[in-house]
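S.K.: Mind looking over this structure? Questions follow.
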Amino acid sequence: MKKIITLLLTVVLLATCLVGCGAKGKTLAEVKEAGKLVIGITDYAPMNYLDDAGELTGFDTEFAEAVCAKLGVTPEFVEINWDTKFVTLDANQIDCIWNGMTISDEVKANCAVSKAYVKNAQ
């Protein structure tokens, strides 16, 4: 049962990431052909941050790595300026944003999103 829930959650997040983060972005086939998923992040603990050894870690980092492993692609994390995240996305400098983003009217206007996978009330 735990594996089924994990698989379903992975599919939902993948749909959010690939389908929802940019209308001009790559398709799943293009991501697989490229062999990598370029993921826009910021230093935002506990979602994405550097640990004491200087390694990128966090909930979203590890989740993205797991989804990429299922897809057979390599995650490439790129630190972005949060204030220009949609410009960076629309310019195809990243394939998705995976960084604990609160679903707001602004986000919905710039990305397609699925249901939130973490309750985030800011």
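S.K.: Given a Förster distance of 25 Å, report the FRET efficiency between Y117 and F86 from their Cβ-Cβ distance, rounded to the nearest 0.05.
M.R.: The computed FRET efficiency comes out at 0.75.
S.K.: Now a separate question. How large is ³J(HN,Hα) for each residue in region 70-82, as worked out from phi by the Karplus curve 6.51 cos²θ - 1.76 cosθ + 1.60 (θ = phi - 60°), to whole Hz, x for Gly and Pro?
M.R.: Computed from phi, the couplings for region 70-82 are 5, 7, x, 10, 9, x, 10, 8, 10, 6, 10, 7, 4 Hz.
All of the numbers you see were taken from the coordinates with simple rules; none came from a lab. From a predicted model like this one, the values you see are computed outputs, not experimental measurements. Quick reminder, even Gly has a Cβ in these numbers, built from the backbone with ideal geometry, and neighbours come from all protein chains shown.
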